[in-house]
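Undergrad: The structure's right below; bear with me while I get my questions together.
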Amino acid sequence: MRLLLESGSTTAGQIGDRLGLSVAGVRRHLDALIDAGEAESVPAAAWQQEGRGRPAKRYRLTAGGRAKLEHSYDDLASAAMRQLRVIGGEDAVRTFARQRIDAILSGVEAAGSDADADIEATADRIAGALSKAGYVATTTQVRGPINGVQICQHHCPVSHVAEEFPELCETEQQAMAEVLGTHVQRLATIVNGDCACTTHVPLTTAEKPLTLRRPARVEATTSKQGASS
């Protein structure tokens, strides 16, 4: 279950490679988790397909599987947040949420420039700080038209509270953007039923291919011929 949590979605072969088990043995364990309602099989995304042929079946935890992981003091935390909202209003809730994520990221050095390498390194530092706080975070590079790096939080220790208080997610995104020195976009959240909270951090667009131009002499000739016709 830990590997399913960290990977978001993965194949039986990848799990077997990590644990040194046969694919058949891994599938038996996965089938047991599926029967218990703690895991499910999902189709592979286009970018996850490796090589030709039919893509391998991928597996991920369900909400029931995530519930097996400890959510400490959820009821107490929710009750405290409700009381805070009664006493201080929405602003007090947002202030608390921001102070919480600021404390988690307090040791993360902000990006010193807008260079891709600097932003990617900062994203790695953010993922490390989040992992220490129980979020099991990783970073993934994404190339092509949406060139960037994605911070994936495979677990959220406050997801049950965040369902009622979205300020926890909103201030988290805001704090990340400030440390990175660039805007970020939330693509998925555990609260909304996704397998991970995914934050996309855009990098500079890849250089465009050079556009070939005709030599000046040819252009001038063409222009002259056009004028005389």
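Undergrad: Using 0.36 nm times the number of residues separating Lys132 and Glu163, minus their current alpha carbon distance, what extension gain do you get?
TA: 8.9 nm
Undergrad: Continuing with the same structure: If you add up the charges near Arg125, with Lys and Arg at +1 and Asp and Glu at -1, over every other residue whose beta carbon is less than 12 angstrom from its beta carbon, what do you get?
TA: -3
Undergrad: Order by neighbour count: Val158, Val26, fewest other Cβ atoms within 10 Å first, most last.
TA: Going from least to most buried by this count: Val26, Val158.
Undergrad: Using a Förster distance of 41 angstrom, determine the FRET efficiency expected from the C-beta separation of Arg82 and Gln185, and round it to 0.05.
TA: 0.85
Undergrad: Ranked by Cβ crowding within 10 angstrom, fewest neighbours first, how are Phe165, Phe96 ordered?
TA: In increasing order of surrounding Cβ atoms, one gets Phe96, Phe165.
Undergrad: By how many nm would the segment from Ala92 to Asp124 grow when fully extended, if each residue of separation counts as 0.36 nm and the alpha-carbon distance is taken off?
TA: 8.5 nm
Undergrad: Between region 162-207 and region 133-153, what is the separation of their alpha carbon centroids in Å?
TA: Spelled out, the Cα-based centre of one part sits 10 Å from the other.
Read-outs throughout are calculated quantities, based only on the coordinates presented, and are distinct from any laboratory measurement. Quantities reported herein were computed from a predicted structural model and do not represent experimental measurements. Neighbour counts are summed over all protein chains in view; Cβ atoms, including those assigned to glycine, are modelled from backbone coordinates with ideal geometry.
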